[in-house]
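The values are calculated or read from the model by the stated rules, or taken from the named source; none is laboratory data. The model shown is predicted, which means the values in this text are computed figures rather than measured ones. Note that we place each Cβ from the backbone using ideal geometry, even for glycine, and neighbour counts take in every protein chain shown. Note: areas computed on protein heavy atoms with side chains; ligands, DNA, RNA excluded. Shrake-Rupley method; radii C 1.70, N 1.55, O 1.52, S 1.80 Å.
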Amino acid sequence: PAILSIIRDSVENDALVPRRREDIEARQADFRVIEVDENVVGTAALHVYPDDSCGEIACLFIKRAHENQGYARRLVKHLEDEARRQGLRRVVALSTQARDFFEEKCGYRPGTAADLPESRARKLAESGRNSFVLVKDLPPPPGAGTR
C-alpha cells in the first residue's frame, strides 16, 4: 500500500508513468522503500534483464518533504549494489525530470535507446514518452574474480 500511495502521488505530479496495482504486485520483489520514523518516504525498483546483464533503476520517487536529504542517492546506490551482487554489468534509468540527478549525483552518462535491453527499448518507443536514457557501467563487486 505504501508503494502504491507514493506512486499515485508521483503520477499526479507527472514524475512517473501510471502503474496498475497488478503490475506493482507482480513485481513487488523489485521494489525497495526508504523509511523515516516508520513512514515510507521514498521508493525505487530494480528491474532485471538477465539476458542483457542489465538492470533498470525505475520508479524512483521521494516525497517532496524529504527531498534533498540524500534518500534518492541511498536508494539508487542500494539498487546498484544489488545489481552488482546479481552479476549485472550495467544499469540504466529512464527519466523525463531527473536527468541531472542521475548524471551529477549518481555518475550516469547520457545514453540512447540502443543502450537498453531490446524489450525495454521497444516498450519505450511504444510509450511515446520523451524520456532520457541514462547508463552506468558497474564494476564487479570487490573480490570478484580473485582467489
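Using a 1.4 Å probe on the protein chains only, how many percent of the accessible area of segment 73-135 belongs to carbon and sulfur?
That share works out to 44 percent.
So what's the projected area for segment 25-124, the Cα convex hull averaged over all directions, in nm²?
For segment 25-124, the mean projected area of the Cα convex hull comes to 6.9 nm².
How many nm is it between the label spots at Thr112 and Asp51, if each spot is 7 Å from the Cα in line with the beta carbon?
2.3
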